[in-house]
Amino acid sequence: MTPTLPQPVLLQALVGDEEVGALFSNEAELSALLRVEAALAEAEAQVGLIGNEAAKRIAEACGVFQADWT
């Protein structure tokens, strides 16, 4: 069983149902952050800040990451 982490108080006041609440869950936030990191690595590779292989590895790591919420 995955433990439920406390939600931010502000979001609790804004979210009225489970479907919308899922969009603002800790899991959804982490998923969005991982997508940002993968996109950032791709952009950095395109402008030469990091190598293509590094960008590929970062994107792969972000794609398979599983949080341990315990």
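The values are calculated or read from the model by the stated rules, or taken from the named source; none is laboratory data. Predicted model only: the values in this text are computed from it and were never measured. Because the Cβ atoms are built from the backbone with ideal geometry, glycine has one as well, and the counts that use them run over all protein chains shown. Calculation scope for accessible area: heavy atoms of the full protein, side chains included, ligands and nucleic acids excluded. Shrake-Rupley method; radii C 1.70, N 1.55, O 1.52, S 1.80 Å.
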Practice task
Scan the stretch 43-55 residue by residue and report those that are without any contact (Cβ under 8 Å) to a residue 12 or more places away in the chain and under 18 Å from L33 (Cα atoms).
Solution key: A43, E44
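Suppose we filter the stretch 47-70 for residues that are surrounded by 14 or more Cβ atoms within 10 Å (Cβ to Cβ), assigned to a helix (DSSP H, G or I) and among the hydrophobic types (A, V, I, L, M, F, W, C); how many remain?
4
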Practice task
Output the residues belonging to the stretch 17-31 that are hydrophobic (A, V, I, L, M, F, W, C) and over 16 Å from I58 (Cβ atoms).
Solution key: V20, A22, L23, F24, A28
Exercise for the section: Could you list, in sequence order, all residues of the stretch 42-69 that are under 23 Å from N26 (Cβ atoms) and in contact with a helix residue (DSSP H, G or I) (Cβ under 8 Å, 6 or more places away or on another chain)? Expected result: I58, A59, C62, G63, F65, A67, W69
Exercise for the section: Please indicate, with yes or no, whether at least one residue in the stretch 35-46 is at pLDDT below 85, out of contact with any strand residue (DSSP E or B) (no Cβ under 9 Å at 6 or more places or on another chain) and either part of a helix (DSSP H, G or I) or open to solvent by 50 Å² or more (accessible area, probe 1.4 Å) (or both). Expected result: no
Exercise for the section: Could you tell me whether any residue of the stretch 13-31 is modelled with pLDDT of 85 or more and open to solvent by 70 Å² or more (accessible area, probe 1.4 Å)? Expected result: yes
